[in-house]
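The values are calculated or read from the model by the stated rules, or taken from the named source; none is laboratory data. Every value quoted in this text rests on a predicted model; they were computed, and no experiment measured them. Counting neighbours? That spans all protein chains shown, and the Cβs are built from the backbone with ideal geometry, glycine included.
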Amino acid sequence: MGKSSPQSFFFNCTLCGNNYELSLNEFIVKELPKLLDMDHNRLKESYKNGNLKFYNNKYVNALQFRKSLGKIEAGTMVCFDNEIHVIRGFPKIRRTLMLSKALEKHFNSEVAVEEKMNGYNVRITSLNGKIIAFTRGGYVCPYTTKKAPQIMDLNQFFEEHPDLVICGEMLGTENPYVSHYYPEIGKLGFRIFDIRKKLSNQPLSIKEKRSMLKNYDLPSVRLLGIYKLGDAPSNILELVKELGEDGREGVVIKDLEMQIPPLKYTASQAHDDELIYAFKYPFDLGKAFFFSRVIRESFQAHEMNESTEELGERAQRLGESILYPMLETIKHVAEHEVAGEDLVMDADTIEEAEDFVQHLRDLGVMAKVMEFNDGKAVIRRIHQSTTDKINNYINGGLY
Ligand code: ATP
Ligand code: MG
């Protein structure tokens, strides 16, 4: 991945229609600035310091934005495939801690409230008929690239709309990045939350998106309601309470025209679930997760105006989500020496599972294939700092 840089490649200029040969360097200083409407020095600089990187594998030859640059999001891919296809990164969704004032400040008269589903973000696109799925960071995910077209029929959609990108969440318990149970999903499923244009990243409005997904029989996230701004906070608080009690994550609040960036808001139980996960691997994830989840809980408790009893329950759950998983891991490491998590994924061959593990390693995740049987692979992800530190402390190491 990204090992070799081509000396030159054929370039079909969409602006002038001509075919010609260019070096990558020439492309970056001459064509890319026009394409992205960006100063050539900034692009050249990014390429030099590795934030803009040549990326190639059996799926695609591309330039990958490892970090955002001006208005170009991290994860943006400029793909070379006869023509150039720019698949922009999925924009960050900001969070509201208290709905009442934030919604009023941020949105116009009405908002759409969609369910926020807990899986992993992928962008699916067609490069001249080849359907490819990118992760948030702009890596081709071999697993999703294979699975997404099996879960839903994307051919007609992309035949008729080659200029669009499907943004959605891969979900379910046998999802190798984020395993979460949903009764309607089970082992593996997909829900679409945005349809965006290549190059501009312009999203379709809520109405256009929903009617298009309906026409092509593609699975959409749930639209929980459309509310007048004044009614939205109380309704969302109620919805999010119910979602949390059902083991679901929360909501994303969107402008009907998608002209204003969406906001997210999540359930107390979702915060605790993330703490449980983080404190299973305290020395790898604890610090990064801890503070922000406690902050979310505090503002939510304040806005929900909870009774002493409700507040007590919230506090109890919060404390248990930190202490219990960590204790469990200490006990586990004392007996088995390794803090790891096993995930199950579909794979036709052991090579396919190994390929996925290689993809994880490219992303900086330490993993190995533990078992392969009957089309299922068990992959163990190892949390090294947690393993090392706990082993040290239980053997008398000082803190
Ligand atoms: P971000 O940078 O977008 O905040 P994050 O890694 O912090 O990402 P989350 O807290 O899960 O992620 O929230 C944003 C993500 O929620 C989106 O990137 C998308 O993958 C996911 N998502 C789930 N449902 C929806 C939805 N209905 N609309 C938009 N995004 C959704
Ligand atoms: Mg998420």
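State all residues of segment 176-207 that are at negative phi, modelled with pLDDT of 95 or more and of a type in the set (Gly, Ala, Ser); if no residue qualifies, say none.
GLY189, SER200, SER205
Which one of GLY138, GLY168 is within 16 Å of ligand 1 (Cβ to nearest atom), of a type in the set (Gly, Ala, Ser), under 23 Å from ILE206 (Cβ atoms) and buried (at least 22 other Cβ atoms within 10 Å of the Cβ)?
Among GLY138, GLY168, only GLY168 is within 16 Å of ligand 1 (Cβ to nearest atom), of a type in the set (Gly, Ala, Ser), under 23 Å from ILE206 (Cβ atoms) and buried (at least 22 other Cβ atoms within 10 Å of the Cβ).
Based on what the data block shows, is THR125 among the β-branched types (Val, Ile, Thr) and within 16 Å of ligand 2 (Cβ to nearest atom)?
No, not satisfied.
Could you say whether any residue in segment 90-99 is without any contact (Cβ under 8 Å) to a residue 24 or more places away in the chain, within 16 Å of ligand 2 (Cβ to nearest atom) and surrounded by fewer than 17 Cβ atoms within 10 Å (Cβ to Cβ)?
Yes, the conditions are met somewhere in segment 90-99.
Quick check on segment 229-243. Is at least one of its residues in contact with a Phe, Trp or Tyr (Cβ under 9 Å, 6 or more places away or on another chain) and basic (Lys, Arg)?
Checking segment 229-243: not a single residue is in contact with a Phe, Trp or Tyr (Cβ under 9 Å, 6 or more places away or on another chain) and basic (Lys, Arg).
Out of segment 200-257, which residues are away from ligand 2 (no atom under 16 Å from the Cβ), within 24 Å of LEU97 (Cβ to Cβ), without any contact (Cβ under 8 Å) to a residue 60 or more places away in the chain and not small (Gly, Ala, Ser)?
Residues satisfying the conditions are ASP231, GLU238, GLU242, GLU245, ASP246.
Is there a residue being within 16 Å of ligand 1 (Cβ to nearest atom) and surrounded by 17 or more Cβ atoms within 10 Å (Cβ to Cβ) anywhere in segment 225-235?
Initial filter on segment 225-235 (within 16 Å of ligand 1 (Cβ to nearest atom)): 225-227, 232.
Filter once more, keeping what is surrounded by 17 or more Cβ atoms within 10 Å (Cβ to Cβ): 227, 232.
Yes: segment 225-235 contains one or more residues that are within 16 Å of ligand 1 (Cβ to nearest atom) and surrounded by 17 or more Cβ atoms within 10 Å (Cβ to Cβ).
Being buried (at least 16 other Cβ atoms within 10 Å of the Cβ) and among the charged types (D, E, K, R) is the filter here; which residues of segment 175-219 pass it?
Once the filter is applied, which keeps residues that are buried (at least 16 other Cβ atoms within 10 Å of the Cβ) and among the charged types (D, E, K, R), segment 175-219 yields ARG191, ASP194, ARG196, LYS198, LYS209, ARG210.
Restricting the search to segment 20-66, which residues are of a type in the set (Gly, Ala, Ser) and at positive phi?
Within segment 20-66, just GLY50 meets the criteria.
Those residues that are of a type in the set (Val, Ile, Thr) and either within 18 Å of GLU310 (Cβ to Cβ) or within 16 Å of ligand 2 (Cβ to nearest atom) (or both), I need them from segment 258-271; list them, please.
THR266
Output the residues belonging to segment 233-282 that are of a type in the set (D, E, K, R) and assigned to a loop (DSSP other than H, G, I, E, B).
Correct list: ASP246, ARG248, GLU249, GLU257.
Could you look through segment 100-109, keep only residues that are in contact with a Leu (Cβ under 7 Å, 6 or more places away or on another chain) and surrounded by fewer than 16 Cβ atoms within 10 Å (Cβ to Cβ), and pick out the one that is modelled with the highest pLDDT?
Per the stated criteria, the residue is GLU104.
Each row is one residue, and each column tells you yes or no for (1) within 16 Å of ligand 1 (Cβ to nearest atom); (2) closer than 29 Å to GLU110 by Cβ; (3) outside the structural domain of LYS209 (by TED's automatic domain parsing).
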{"position": "LEU239", "(1), (2), (3)": "yes, yes, yes"}
{"position": "GLY244", "(1), (2), (3)": "yes, yes, yes"}
{"position": "LEU256", "(1), (2), (3)": "yes, yes, yes"}
{"position": "TYR281", "(1), (2), (3)": "no, no, yes"}
{"position": "ALA288", "(1), (2), (3)": "yes, no, yes"}
{"position": "ARG296", "(1), (2), (3)": "yes, yes, yes"}
{"position": "MET304", "(1), (2), (3)": "no, yes, yes"}
{"position": "THR308", "(1), (2), (3)": "no, no, yes"}
{"position": "ILE322", "(1), (2), (3)": "no, no, yes"}
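If you take the residues of segment 18-49 that are modelled with pLDDT of 95 or more, not acidic (Asp, Glu) and not in a helix (DSSP H, G or I), which of them is surrounded by the most Cβ atoms within 10 Å (Cβ to Cβ)?
MET38
Answer with yes or no whether LYS147 is under 26 Å from PHE65 (Cβ atoms), within 18 Å of the chain's Cα centre (by Cα) and away from ligand 2 (no atom under 16 Å from the Cβ). Even if it seems obvious, please write down each step before you answer.
Details: under 26 Å from PHE65 (Cβ atoms): yes; within 18 Å of the chain's Cα centre (by Cα): yes; away from ligand 2 (no atom under 16 Å from the Cβ): yes.
In short, yes.
Identify, please: which residue in segment 73-107 is part of a loop (DSSP other than H, G, I, E, B) and more than 21 Å from the chain's Cα centre (by Cα) and is, among those, nearest to ligand 1 (Cβ to nearest atom)?
Going through segment 73-107, the residues part of a loop (DSSP other than H, G, I, E, B) turn out to be 73-76, 82, 88-93, 96-98, 107.
Filter once more, keeping what is more than 21 Å from the chain's Cα centre (by Cα): 82, 98, 107.
Values: ASN82: 30, MET98: 17, PHE107: 15 Å.
If we take residues in segment 73-107 being part of a loop (DSSP other than H, G, I, E, B) and more than 21 Å from the chain's Cα centre (by Cα), then PHE107 is nearest to ligand 1 (Cβ to nearest atom).
I'd like to verify a number: residues in segment 100-118 that are within 16 Å of ligand 2 (Cβ to nearest atom) and either small (Gly, Ala, Ser) or out of contact with any His (no Cβ under 9 Å at 6 or more places or on another chain) (or both), how many?
3
Filter segment 169-199 down to the residues that are among the small types (Gly, Ala, Ser) and within 16 Å of the chain's Cα centre (by Cα) and list them by number. Let's see the steps before the verdict.
Let us first name the residues in segment 169-199 that are among the small types (Gly, Ala, Ser), namely 172, 179, 186, 189.
Passing the criteria: GLY172, SER179, GLY189.
Which residues, counting only those in segment 152-185, are in contact (Cβ under 8 Å) with a residue 60 or more places away in the chain and more than 16 Å from ligand 2 (Cβ to nearest atom)?
MET152, ASP153, LEU154, GLN156, PHE157, VAL165, GLU174
Would segment 266-273 turn up any residue that is of a type in the set (A, V, I, L, M, F, W, C), touching a residue at least 12 places away in the same chain (Cβ under 8 Å), within 13 Å of ligand 1 (Cβ to nearest atom) and under 25 Å from LEU188 (Cβ atoms)?
Of the residues in segment 266-273, the ones of a type in the set (A, V, I, L, M, F, W, C) are 267, 270.
Right, trim to touching a residue at least 12 places away in the same chain (Cβ under 8 Å) and you get 267, 270.
Going one step further and asking which of them are within 13 Å of ligand 1 (Cβ to nearest atom), we end up with 267, 270.
Checking the rest, the ones that are also under 25 Å from LEU188 (Cβ atoms) come to 267, 270.
Within segment 266-273 (the criterion being of a type in the set (A, V, I, L, M, F, W, C), touching a residue at least 12 places away in the same chain (Cβ under 8 Å), within 13 Å of ligand 1 (Cβ to nearest atom) and under 25 Å from LEU188 (Cβ atoms)), the answer is yes, since at least one residue qualifies.
Kindly indicate whether any position in segment 312-320 is touching a Leu at 6+ places or on another chain (Cβ under 9 Å), closer than 21 Å to GLU184 by Cβ and aliphatic (A, V, I, L, M).
Checked against the condition, which is being touching a Leu at 6+ places or on another chain (Cβ under 9 Å), closer than 21 Å to GLU184 by Cβ and aliphatic (A, V, I, L, M), segment 312-320 yields no hits at all.
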